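**Student:** Got a structure for you, written out below as structure tokens; questions coming shortly.
The values are calculated or read from the model by the stated rules, or taken from the named source; none is laboratory data. Computed from a predicted model, the values in this text were never measured in an experiment. With ideal geometry, Cβ positions are generated from the backbone for all residues, glycine too; neighbour counts draw on all protein chains shown. With ligands, DNA and RNA removed, areas are computed over all heavy atoms of the protein, side chains included. Shrake-Rupley method; radii C 1.70, N 1.55, O 1.52, S 1.80 Å.
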Amino acid sequence: MFDTAMCYIAYSLVYRQSLGMADQRLTGISHYDLFPNMPDRWRDMHRRCLAGATERGEEAEYRRADGSLSYWQWEMRPWHLPGGQIGGLVLFSRDVTASVQHQRAMQRHTDALNNAGFGICIVDAASNRVSYANPAFAALHGMAPDEVSGMSIFDTYLPGEHGRIREIIAESDRAGHVMFEALRLRRDGTSFLGLTAITGARNDMGAAPAYRVGTVLDITDQRKIRSALEEKEARFQSYIRSAPLCVTVADASGIILEANPAAAIILRSTVETLAGSDFRDLHFAEDAAEVDADFDILRRDGFLQREYRMRRCDGTSFWAVLSAVMLGDGSSIGFLQDVDRLRQAEAARRAAEDDLYAVVQLGPGVLYRVHVAAGRIQLVSVHGDVARISPAFGTDTGSGGMVTSLLQLPQNRDLLQGMALTPDQQEGFIDLPLNPGQSEIRWVRNAVRVTARGPHGADIVGYLSDITREKDEQQRLQRVGTLVTLGEMATGMAHELNQPLASISFAAQNAAFILQRTAPQIELALGKVDKVIAEAKRASDLLDHLKVFARNERRAREPVTWQSALQGALDILGPRRRMFSVRDELPDSLPAVLGERILMEQVLINLIGNAMDAYEAHDAPNNAAAREVTVRGCVMG
């Protein structure tokens, strides 16, 4: 009790003990002197109570002298004198520290359960009904916590699982704890795979559990991942078992733990025999120091690749490439490839290549290899004497320099780069005229073939050969063909010449007759003479044209229209034309080209002659109008 000045009048022993002042008298001491640092809010509350108010608190904090924090339930009210005046205040208090701490501990536990990332439920052991479920447990089953509370725990499992779940619950009651996987049921009828743990909780009244605590974790995705990993592991093991390479797994000391069937075949042993053997037994004794040094490198760097002379289990030797990788647990996996056959094949390839190059050295051609990439042509090798191909090549820069110069010609660059860029083109060639300042032209053929293509370019092999004789023979055959064509036309040309000659003879006779008259008509006679001159020129032009065509002389190039070339070709084909109808549909807009007139006429004569030959092979020459040959032309591009 306090008076109006807040001095102590009476107090209990419990009060003094709670203040840590059990041996101290408080009568007459001011409450404010005892607690000089009392907050203003308490002083305000005292003034209100002295004015007649009653104040109370449920969990007021109080810091004891030892620094510990306590909680109090209290009530303060005024007491009155006999005359009714307020004589002071009375404070009733109770220490509720233990209760508050217990409640807060329970709240922390509840918060932990409610915020857990996995499902938690408490099930009554007698009825198997849920008495508590945290939000995660309810969400896993597609329900709210209040919907789960009170339901049978069996309703959270698929019906087909109920019998097994009863056996598991009985096992948990005996063992105290079990963990298992089971399909659990959602409210919408779908299911998920849950990892469930059940722990029985017993009270002091008996040995049987009073309730059970269950936890549930959805492991559907983890099971899928695990199944995928197991499938990959099985596939990997299948690959290893069926691999044609020797595959072994050794521990940190080099003892072989596993070996695939290919290892048994290559090493001429069995899988069972290889397991447990030392990998050093697969090497010869004289190589032991090198093998141990390489094993140290494997342990240091985690990877090793070497080519060794290996020892089979029957004592025979073979060459192999070993690739080994150190694993995280200190073991290593090794891949061994028998390269004896590869070595033999490589030796045979080199021998064949040497033989080929030897033959090339003896032959008249030159074999070369280039790599074409990003517009660049890099000469790799040259075999053969370039000077033997053509006198056009000198020897000052050697074969490599001359071939490089030749390949830099625009025609060759276009050929090689086009081959490198065209995936479906494997072979090609180009004929090049070379003129070393001599009167005759030399010809070189560059035949090429792609041997390999990749992201970084193409490898191409080429063969240079002198084809001057071949070209000369082609030109000779062409001249022979021209003469044959000319011979076929000779008879017809004679008839063609008879026309102007007959006209000349007739016109000359008429002129003589006119001049012999008593009164000769001079102008009429001159007209006949002009006719003679014109027909004579016509005959002369035909003969000149025929001579030029027969000689096949090369002339300087000049602008030639296709119309004029066609007219010349038709003049040569004149006698034969009477059996055909030739239509000229060359447009007037067709431009002149830079070329040789005779060569252009030969092209047209061959084309028109082929068409005439096709008619004669199938039709009788009864109707010339029906045997029509049409000549057309257009500008391309």
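**Student:** Once the other residues with Cβ under 11 Å from the Cβ of Asp530 are scored (Lys, Arg +1; Asp, Glu -1), what is the net sum?
**Tutor:** +1
**Student:** Would you mind telling me the share, in percent, of accessible area of the stretch 137-285 contributed by carbon and sulfur at probe 1.4 angstrom?
**Tutor:** 59
**Student:** Work out the length of the dipole vector of the stretch 214-338 about its Cα centre, built from +1 on the beta-carbon of each Lys and Arg and -1 on the beta-carbon of each Asp and Glu, and round it to the nearest 20 debye.
**Tutor:** Dipole about the Cα centre, nearest 20: 400 debye.
**Student:** On the accessible surface of the stretch 1-66, probed at 1.4 Å, how many percent belong to carbon and sulfur atoms?
**Tutor:** 49
**Student:** Mind listing the long-range amide H neighbours of Ala275? Cut-off is under 5 Å, sequence gap 5 or more, other chains count too, H placed in the peptide plane at 1.01 Å from N.
**Tutor:** none
**Student:** In µm²/s, what is D for the stretch 1-131 at 10 °C and 1.306 mPa s, where D = kT/(6 pi eta Rh) by Stokes-Einstein and Rh is the Kirkwood radius from Cα pairs?
**Tutor:** The calculation lands on 89 µm²/s.
**Student:** Could you state how much accessible area Tyr11 has, in square angstrom rounded to the nearest 10, with a 1.4 Å probe and all protein chains kept in place?
**Tutor:** Only protein atoms counted, so the area is about 60 Å².
**Student:** Residues of the chain: accessible area per residue at 1.4 Å, in Å²?
**Tutor:** 59
**Student:** Apply 1/(1 + (r/R0)^6) to the Cβ-Cβ distance of Met179 and Val271, taking R0 = 45 Å, and write down the FRET efficiency to the nearest 0.05. Each step should come with its number before you reach the end.
**Tutor:** Details: r = 37 Å, r/R0 = 0.83.
The calculated FRET efficiency here is 0.75.
**Student:** Which one, Ala116, Ile9, Phe35, projects farthest toward the positive side of the charge dipole computed for the stretch 1-157 from Cβ point charges (K/R +1, D/E -1)?
**Tutor:** Towards the positive end, the residue furthest out is Ile9.
**Student:** Further question: Could you give the length gained by full extension between Asp278 and Arg187, i.e. 0.36 nm per residue of separation minus their alpha carbon distance, to one decimal place? Don't skip to the answer; put the middle values down first.
**Tutor:** Numbers: separation 91, 0.36 × 91 = 32.76 nm, distance 6.01 nm.
Full-extension gain reported as 26.7 nm.
**Student:** Another one. Give the angle, between 0 and 90 degrees and rounded to the nearest 10, that separates the Cα long axis of helix 340-362 from the longest principal axis of the Cα atoms of the chain.
**Tutor:** Once rounded, the angle reads 20 degrees.
**Student:** Using modelled backbone amide H atoms (1.01 Å from N, in-plane), which distant-in-sequence or interchain residues come within less than 5 Å of Trp319's amide H?
**Tutor:** Met310, Val339, Asp340
**Student:** Right, something else. Which whole-number percentage describes the relative contact order of the stretch 296-365, with Cα contacts under 8 Å and a sequence gap of 6 or more?
**Tutor:** Reported relative contact order: 21 percent.
**Student:** Please turn the phi angles of the stretch 518-534 into ³J(HN,Hα) values with the Karplus equation 6.51 cos²θ - 1.76 cosθ + 1.60 (θ = phi - 60°), one per residue in order, whole Hz, x for glycine and proline.
**Tutor:** Residue by residue, the stretch 518-534 yields 4, 10, x, 9, 4, 5, 5, 5, 4, x, 5, 5, 4, 4, 4, 4, 4 Hz.
**Student:** Would you calculate a helix-derived [θ] at 222 nm for the chain, using -39,500 (n - 2.57) for each DSSP H run of n ≥ 4 and dividing by the full residue count, to the nearest 500?
**Tutor:** -14000 deg cm²/dmol
**Student:** Is the C-alpha gyration tensor of the stretch 251-339 telling us rounded, prolate or oblate? Criteria: a/c under 1.5 is rounded; beyond that, a/b larger than b/c is prolate, otherwise oblate.
**Tutor:** oblate
**Student:** Turning to a different aspect of this structure: What is the Cα centroid distance between the stretch 402-427 and the stretch 202-278, reported in whole angstrom?
**Tutor:** Answer, in whole Å: 57.
**Student:** Please list, ordered by chain and number, the residues whose modelled amide H lies under 5 Å from the amide H of Leu434; skip anything fewer than 5 residues away on the same chain.
**Tutor:** HN-HN under 5 Å from Leu434: Arg442, Trp443, Val444.
**Student:** Below 8 Å, C-alpha to C-alpha, sequence gap of six or more: please give me the relative contact order for the chain in percent. Display every interim value, and only then the final one.
**Tutor:** Numbers: 955 pairs, mean separation 30.6, N = 637.
Relative CO of the chain lands at 5 percent.
**Student:** Mind sorting out which of (i) 106, 77, 50; (ii) 197, 86, 61; (iii) 103, 70, 55 is the real Cα extents along the principal axes in Å computed from the coordinates?
**Tutor:** After the calculation, the listed value that fits is (ii).
**Student:** Please arrange Lys224, Lys528, Lys471 by accessible surface area, largest first, computed with a 1.4 Å probe and ligands excluded.
**Tutor:** Ranked from most to least accessible, the order is Lys224, Lys528, Lys471.
**Student:** How long is the gain from Arg241 to Gln24 if the chain were fully straight, where each residue apart is worth 0.36 nm and the alpha carbon distance is subtracted?
**Tutor:** Contour length minus Cα-Cα distance gives 69.1 nm.
**Student:** Quick one, what does Rg over Rh come out to for the stretch 81-239 if you take C-alpha atoms and the Kirkwood Rh?
**Tutor:** Ratio value, two decimals: 1.28.
**Student:** Net charge within 14 Å of Leu379 by Cβ-Cβ distance, Lys/Arg positive one each and Asp/Glu negative one each, not counting Leu379 itself?
**Tutor:** +2
**Student:** Going by alpha carbons, how many degrees (0 to 90, nearest 10) lie between the helix axis of 597-618 and the longest principal axis of the chain?
**Tutor:** Tilt of helix 597-618: around 90 degrees.
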